[in-house]
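Enquirer: So that we are looking at the same thing, I have put the structure below in structure tokens.
The values are calculated or read from the model by the stated rules, or taken from the named source; none is laboratory data. Please read these numbers as outputs of a predicted model, since none were measured by experiment. Cβ coordinates were reconstructed from backbone atoms using ideal geometry, including for glycine residues, and neighbour counts include every protein chain displayed. Accessible surface areas use protein heavy atoms only, side chains included; no ligands, DNA or RNA. Shrake-Rupley method; radii C 1.70, N 1.55, O 1.52, S 1.80 Å.
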Amino acid sequence: MDFLKVLGIKDENYGASTGLNWLHTKDQGVIEVVSPTDGKPIAKVFQCSEKDYEEIVSKSYEAFKYWRTVPAPKRGEIVRQIGHKLREYKQPLGTLVSYEMGKSLQEGLGEVQEMIDICDFAVGLSRQLYGFTMMSERENHRMYDQYHPLGVVGIITAFNFPVAVWAWNSALATICGDANLWKPSSKTPLCGIAVQNILANVIKENNLPEGLFSLVIGKGSTIGERILNDKRIPLISLTGSTAIGKHAAEVVSKRFGKTILELGGNNAIIISSEADLKLAIPAVVFGSVGTAGQRCTTTRRLIVHNDVYGKVKRSLLKAYKSLKIGNPLNQENHVGPLIDKGAVEEFKLALKQVEKEGGKIIFGGNVLNGKEYSSGCYVVPAIVEAQNNFKIVQEETFAPILYLIKYKGDVQNAIEIQNSVVQGLSSSIFTNNMREAETFLSHWGSDCGIANVNIGTSGAEIGGAFGGEKETGGGRESGSDAWKQYMRRQTNTINFGTKLPLAQGIKFDL
């Protein structure tokens, strides 16, 4: 395939890079990457060794010591060039994202566009890493705080956004003066290799040090644990399951490291009796079936007022019946495959469980067969009438299952249903009632990190801080002031007078 050649993907690829050089380890196991699109093998990746890891982290730390001395606007210039290279490779990289992960080509291209957008954001931010000046209580003293580069940032990403999440972190970390160590998902390693090949152009053209942008593809039990335990990596940004996030938080906190955790989401849309359904229904459909339900912001629960429940149900059934499921590289299709057959089994088990608890499948839920679906990873998105207290509804199934839940009375009842899960990532309400909208956004409203009015749960912009509360992890990536997490804060006091007033009025006779 031409896009693989353009991106430097070979039949056999190495899994460790310093940014300029690939380390040639072959004895740590091989990942055979198979596309969920057609079930065909794409390429092989040799996993890196612990020796490779040690070499790469050492180079990353040395790169950091140099990079922190470079003025932030000049760091921004490098990120600008990275964004420019991504524009050049947008089509082939977006195609690889679609083919290796299974999301639609339009979504794959959109993910690369997110990388470009965060680079643009970071370039401007490189001139805005502001501190603050405070009034000192002491005469002839000035007090202020400032932010310094933190160190090597470990970025551990998931399969569902195989390139964008890396960019959200690395673009900010780079302009903040940090080096980047990336461990991509073993389910989508080729995307990481492709990005590393693109970065090599910028590294060479600017004579940048090895280790500024590095990559390790390896086993979680060895390489992953080394990253979590490594004191040379003061910040770990991890996207994954809640269970993995809990483990990472425990390990990193024991060495007093920092974490940015983007974990599970059990996102809900509330449809009020005063909602504009022409806005709501497309948002629900996109939110629930986009990326085949494999987004952390996927709409999983639809909390509908009893007065409009029947109308919403009929509209959804009509919309779901029109969905086109098939090869994601065909832009006429709306829904591609799940990532692998394991995900298909989880989809099937969840539907069995919800029926066992009393739920009713009113659409979809079957696995597709036939030549076009030969990978065995294609399913029909399901709509299920359920109760919020069902155990399976309280969990996050990373698949296209939408639970319909009724509510009666005022909007506070719906908000209580929405908040009655352990996850707290994204949320939304559709209403034309200003009081309902403001209640949803109030202190006693949605308890999620993202709360939207009259737009869906997915499709966050890079300009806002992205992340959630509760078991979603509490970290923030991308926009707003998320950059502060990639730096260390320091308070400074300068005495420009001739006296030294001591705290609490203490005096020494000297």
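Enquirer: Of all residues being of a type in the set (D, E, K, R) and outside any loop (DSSP other than H, G, I, E, B) in the range 474-498, which is least open to solvent (accessible area, probe 1.4 Å)? Just the residue, please.
Expert: For the range 474-498, the residue satisfying everything is 477.
Enquirer: Follow-up. For the range 475-485, enumerate the residues that are closer than 16 Å to residue 128 by Cβ and in contact with a Ser or Thr (Cβ under 9 Å, 6 or more places away or on another chain).
Expert: Listed by number, the list holds a single entry, 485.
Enquirer: Could I ask something else about it? Would you kindly identify the helices (runs of 4 or more DSSP H) lying entirely within the range 362-473 that contain at least 3 residues that are aliphatic (A, V, I, L, M) and crowded, with 17+ Cβ neighbours inside 10 Å?
Expert: 411-419
Enquirer: Yes or no: the range 265-284 includes at least one residue that is more than 23 Å from residue 347 (Cα to Cα), open to solvent by 10 Å² or more (accessible area, probe 1.4 Å) and part of a strand (DSSP E or B).
Expert: No.
Enquirer: Of (1) assigned to a loop (DSSP other than H, G, I, E, B); (2) touching a residue at least 24 places away in the same chain (Cβ under 8 Å); (3) open to solvent by 20 Å² or more (accessible area, probe 1.4 Å), residue 256 satisfies all except one. Which?
Expert: Evaluating residue 256 over (1) assigned to a loop (DSSP other than H, G, I, E, B); (2) touching a residue at least 24 places away in the same chain (Cβ under 8 Å); (3) open to solvent by 20 Å² or more (accessible area, probe 1.4 Å) leaves (2) as the failure.
Enquirer: Regarding residue 25, is this residue in contact (Cβ under 8 Å) with a residue 60 or more places away in the chain and either outside any helix (DSSP H, G or I) or in contact with a Lys or Arg (Cβ under 8 Å, 6 or more places away or on another chain) (or both)?
Expert: Taking the combined requirement at face value, the residue does not satisfy it.
Enquirer: Of the residues in the range 346-361, how many are assigned to a loop (DSSP other than H, G, I, E, B) and open to solvent by 50 Å² or more (accessible area, probe 1.4 Å)?
Expert: Counting residues in the range 346-361 that are assigned to a loop (DSSP other than H, G, I, E, B) and open to solvent by 50 Å² or more (accessible area, probe 1.4 Å) gives 2.
Enquirer: Could we say that residue 126 is open to solvent by less than 10 Å² (accessible area, probe 1.4 Å), out of contact with any helix residue (DSSP H, G or I) (no Cβ under 8 Å at 6 or more places or on another chain) and free of Cβ contacts under 8 Å to residues at least 60 places away in the same chain here?
Expert: no
Enquirer: Right, residue 94: outside any strand (DSSP E or B), among the small types (Gly, Ala, Ser), in contact with a Phe, Trp or Tyr (Cβ under 6 Å, 6 or more places away or on another chain) and open to solvent by less than 10 Å² (accessible area, probe 1.4 Å) or not?
Expert: Answer is no for this residue.
Enquirer: Can I ask one more? Count, please, the residues in the range 356-393 that happen to be over 14 Å from residue 406 (Cβ atoms) and of a type in the set (S, T, N, Q).
Expert: Summing the residues that are over 14 Å from residue 406 (Cβ atoms) and of a type in the set (S, T, N, Q) in the range 356-393 gives 4.
Enquirer: On to the next question. Considering only residues that are open to solvent by 10 Å² or more (accessible area, probe 1.4 Å) and within 24 Å of residue 94 (Cβ to Cβ), which ones fall in the range 205-232?
Expert: 205
Enquirer: Condition check: modelled with pLDDT of 95 or more, among the hydroxyl-bearing types (Ser, Thr, Tyr) and open to solvent by 20 Å² or more (accessible area, probe 1.4 Å). Does residue 66 satisfy that?
Expert: In short, yes.
Enquirer: Sticking with this structure for a sec: So the check is Cβ under 7 Å with 6+ separation or different chains; which pairs have a first residue in the range 389-418 that's over 17 Å from residue 284 (Cα atoms) and of a type in the set (A, V, I, L, M, F, W, C) and a second one that's part of a helix (DSSP H, G or I) and open to solvent by 40 Å² or more (accessible area, probe 1.4 Å)?
Expert: Once the first residue is over 17 Å from residue 284 (Cα atoms) and of a type in the set (A, V, I, L, M, F, W, C) and sits in the range 389-418, its partners that are part of a helix (DSSP H, G or I) and open to solvent by 40 Å² or more (accessible area, probe 1.4 Å) give 392/353.
Enquirer: For the range 167-204, give me each residue that is without any contact (Cβ under 8 Å) to a residue 40 or more places away in the chain and either farther than 17 Å from residue 10 by Cα or open to solvent by 10 Å² or more (accessible area, probe 1.4 Å) (or both).
Expert: 182, 184, 185
Enquirer: In this structure, does residue 18 turn out to be of a type in the set (S, T, N, Q) and open to solvent by 20 Å² or more (accessible area, probe 1.4 Å)?
Expert: Considered against the rule, which asks whether it is of a type in the set (S, T, N, Q) and open to solvent by 20 Å² or more (accessible area, probe 1.4 Å), residue 18 comes out as no.
Enquirer: Still on this model: Of (1) touching an Asp or Glu at 6+ places or on another chain (Cβ under 9 Å); (2) more than 30 Å from residue 242 (Cα to Cα); (3) part of a loop (DSSP other than H, G, I, E, B), residue 510 satisfies all except one. Which?
Expert: Every listed condition holds for residue 510 apart from (1).
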